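Right, one structure below, let's go through it.
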Number of protein chains: 2
Amino acid sequence: MTKPSAGGRPSEDELIARYFAPIAGEGALGLKDDAAILRPRPGHDLVVTVDAVVAGVHFFADDPAGSVGRKALGVNLSDLAAKGAAPVGFVLTLTLPPDWSEAWLAAFCEGLGAAARASGCALLGGDTVRGPGIAISLTAFGEVPAGGMVERTTARPGEVLCVSGTIGDAALGLAVRGSSVPLWGSILSTQDREFLADRYLHPQPRNGLAAALLAHASAAMDVSDGLAGDLAKMMRAGGTSAVVDADKIPLSPAARAALTAEPSLFDRLVTGGDDYEILAAVPPERLDAFLSASAKAGVATTAIGTVTKGTALPLFRRAGEERRYERGSYRHF
Amino acid sequence: MTKPSAGGRPSEDELIARYFAPIAGEGALGLKDDAAILRPRPGHDLVVTVDAVVAGVHFFADDPAGSVGRKALGVNLSDLAAKGAAPVGFVLTLTLPPDWSEAWLAAFCEGLGAAARASGCALLGGDTVRGPGIAISLTAFGEVPAGGMVERTTARPGEVLCVSGTIGDAALGLAVRGSSVPLWGSILSTQDREFLADRYLHPQPRNGLAAALLAHASAAMDVSDGLAGDLAKMMRAGGTSAVVDADKIPLSPAARAALTAEPSLFDRLVTGGDDYEILAAVPPERLDAFLSASAKAGVATTAIGTVTKGTALPLFRRAGEERRYERGSYRHF
């Protein structure tokens with residue numbers, strides 16, 4: 001059932017030499033072996049995360065290939081950041097449909113390689129297979145001091161919930177792109193719309209925050225499926241609940257402009273996916289140190305609420321109203 | 001663009017709890033975190049390999065789901081075996097099409113879990129995504145003593161080429177199944193046909209051979225894309241060539257029966273894929289020790305040729321004839 005590749009197409013070995021070897025790191029053995037070697041520094045654990053992106057589900061088939069490459073790595077870098085881990089490398093499964101083009105692959109690897117270099121996370125190995133559509137599954141590795149990984153399930157009542165960056169931009173970027181809300185043109189400037197579209201297309205993983213999380217956070221996860229849903233997931237995993245002061249949720253000027261014009265967008269901001277921000281629980285006595293260390297690392301973080309006892313869905317308080325999101329996350333599956 | 005799952009379907013969290021958590025290992029944190037922890041034993045390196053299988057390319061869409069689960073792990077265990085690595089765990093990306101059934105998933109996880117338990121290779125994490133067809137990308141981890149991984153590119157002229165098990169069974173199993181050679185019924189017994197079909201469906205990764213490879217082999221790889229092509233790849237990677245005494249290539253009784261009836265099948269035996277045997281280069285002075293250690297480990301190995309100087313394609317000598325295989329590997333891509 002396996003088939004030789006179409007005539008004239010480069011072989012997998014040729015593709016490896018041309019596009020993948022240039023972004024390979026130490027331990028990859030030049031991508032000429034069945035396997036790579038990973039040797040964590042003494043006194044360190046490896047942190048492993050896996051996330052896939054599929055055309056038509058996690059990105060648009062006509063998104064620029066370089067953006068797809070950047071996103072495929074970025075969504076995994078975001079998981080490493082949340083764990084306090086410094087990126088060290090990744091392996092890749094790239095699925096290409098029969099009509100793949102070498103130009104697409106070249107651009108994909110350019111975006112992937114740029115993201116890999118920028119984060120110090122080099123390609124260690126991979127597999128390229130044929131399939132019905134473009135899909136990228138990526139397993140990324142990071143390092144933390146032994147026993148130090150910031151877990152998801154360990155938030156305790158009384159701790160402060162903090163979030164990095166701004167929330168909801170990517171959800172608005174997707175909406176702008178899909179034109180699912182009419183009259184964006186009258187609500188948002190061209191610049192705002194471009195900013196939001198970029199936030200959807202290009203996750204900005206918060207790896208700069210890793211050291212501050214390691215030093216001060218008692219639990220963290222990355223926000224990829226919507227703040228409300230991911231917060232609920234984190235609280236449920238630890239047997240806790242939360243109260244969020246929703247007026248404090250950090251919004252970009254573009255998101256704020258959209259929300260001012262259309263207040264009903266709020267739910268979309270906190271339930272839409274693809275933020276790739278970090279949600280952390282920080283003991284109150286460490287809050288100032290955490291916020292200060294984050295700022296020094298160049299990542300703004302904002303206190304938005306408190307971990308509470310109980311197993312209720314997190315409560316969002318906003319302008320005097322209270323709300324719990326029953327289905328706070330979109331599901332990719 | 002992301003969508004909630006169809007009504008009535010279990011959520012990803014429910015699927016994790018029901019099907020994946022039971023096969024999760026230490027370090028997986030109950031599959032409730034963004035990431036897993038890998039802590040190689042002191043004095044050991046981690047070996048990382050990634051291989052994907054796609055419905056319609058690497059397996060038939062109507063193959064039993066349990067067999068697909070077993071194969072997805074097996075093809076990666078085979079890579080670990082070739083590197084001399086003891087399996088420690090794996091992460092998984094499972095892509096399911098919109099019409100997936102829970103019965104399929106349950107059977108898949110049963111096969112995967114059985115293979116994981118049998119090999120001591122536990123699930124550490126994963127991602128389940130929607131896509132156009134069933135696909136499984138698996139990243140597996142093994143351990144070797146630090147600096148000890150058996151590489152692919154390090155065979156030296158004068159060393160003996162050895163192969164485990166028997167060659168060509170899976171290629172015949174695929175042919176029997178596809179009925180691409182007429183009159184199989186008159187050539188092969190029902191038992192032989194069932195044996196060959198099983199060899200295609202269920203790789204038998206040679207993890208028992210890892211210790212013998214570590215102790216005695218100077219280079220190794222797993223044979224997954226055909227002996228001729230994979231040998232050529234291994235020799236090319238090391239800047240060497242090879243001479244193979246093709247009459248010594250180990251064949252199962254079923255393959256021998258097929259070859260006796262139809263001598264032209266030989267090329268298919270040595271170029272067909274899915275053997276999942278180990279090809280190793282062993283210094284002559286260690287050959288007896290290697291064969292003996294392999295036998296003690298319950299894996300038959302056979303000397304089939306010699307590494308030679310030069311960069312020519314490997315030469316296969318058989319019954320006085322000589323042959324080089326220009327395109328010795330089927331390509332999955």
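Data for the structure
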item	result
Residues of segment B:267-289 satisfying the condition of being of a type outside the set (Lys, Arg), over 21 Å from the mean Cα position of the chain (by Cα) and in a helix (DSSP H, G or I)	B:PRO284, B:GLU285, B:LEU287, B:ASP288, B:ALA289
Qualifying position, being away from chain A (no Cβ under 12 Å), of a type in the set (Gly, Ala, Ser) and closer than 25 Å to A:PHE90 by Cα, among B:GLY89, B:GLY69	B:GLY69
Pair list, Cβ under 7 Å, 6 or more apart: segment B:26-42 residue within 8 Å of chain A (Cβ to nearest Cβ) and at positive phi, other residue part of a loop (DSSP other than H, G, I, E, B) and modelled with pLDDT of 90 or more	B:LEU29/A:GLU151
Residues located in segment A:79-119, provided they are in contact with a Leu (Cβ under 8 Å, 6 or more places away or on another chain) and of a type in the set (Ser, Thr, Tyr)	A:THR93, A:SER119
Residue count for segment B:48-66, restricted to those that are over 14 Å from the mean Cα position of the chain (by Cα) and either within 10 Å of chain A (Cβ to nearest Cβ) or farther than 19 Å from B:SER101 by Cβ (or both)	6
One residue from A:SER119, A:SER101, A:SER164 being more than 9 Å from chain B (Cβ to nearest Cβ) and crowded, with 24+ Cβ neighbours inside 10 Å	A:SER164
Test: residue in segment A:199-213 that is within 14 Å of chain B (Cβ to nearest Cβ), in contact with a Cys (Cβ under 9 Å, 6 or more places away or on another chain) and part of a strand (DSSP E or B)	no
Filtered residue count, segment B:122-158, keeping only those that are closer than 24 Å to A:LEU92 by Cβ and either among the hydroxyl-bearing types (Ser, Thr, Tyr) or facing another protein chain (nearest Cβ under 7 Å) (or both)	17
Any hit, segment B:230-249, residues being at pLDDT 95 or above, within 14 Å of chain A (Cβ to nearest Cβ), touching a helix residue (DSSP H, G or I) at 6+ places or on another chain (Cβ under 8 Å) and outside any helix (DSSP H, G or I)	no
Selection status of B:ALA24, of a type in the set (Gly, Ala, Ser) and under 30 Å from B:ALA211 (Cβ atoms)	yes
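Here's the yes/no breakdown for (1) away from chain A (no Cβ under 14 Å); (2) in contact (Cβ under 8 Å) with a residue 40 or more places away in the chain; (3) in contact with a Leu (Cβ under 8 Å, 6 or more places away or on another chain):
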| site | (1), (2), (3) |
| --- | --- |
| B:PRO284 | yes, yes, no |
| B:LEU287 | yes, yes, no |
| B:ALA293 | yes, yes, no |
| B:THR301 | yes, yes, yes |
| B:VAL307 | yes, yes, yes |
| B:GLY310 | yes, yes, no |
| B:GLY320 | yes, no, no |
| B:TYR325 | no, yes, yes |
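The values are calculated or read from the model by the stated rules, or taken from the named source; none is laboratory data. What you are looking at is a predicted structure, and each value in this text was computed from that prediction instead of being measured. Neighbour counts are summed over all protein chains in view; Cβ atoms, including those assigned to glycine, are modelled from backbone coordinates with ideal geometry.
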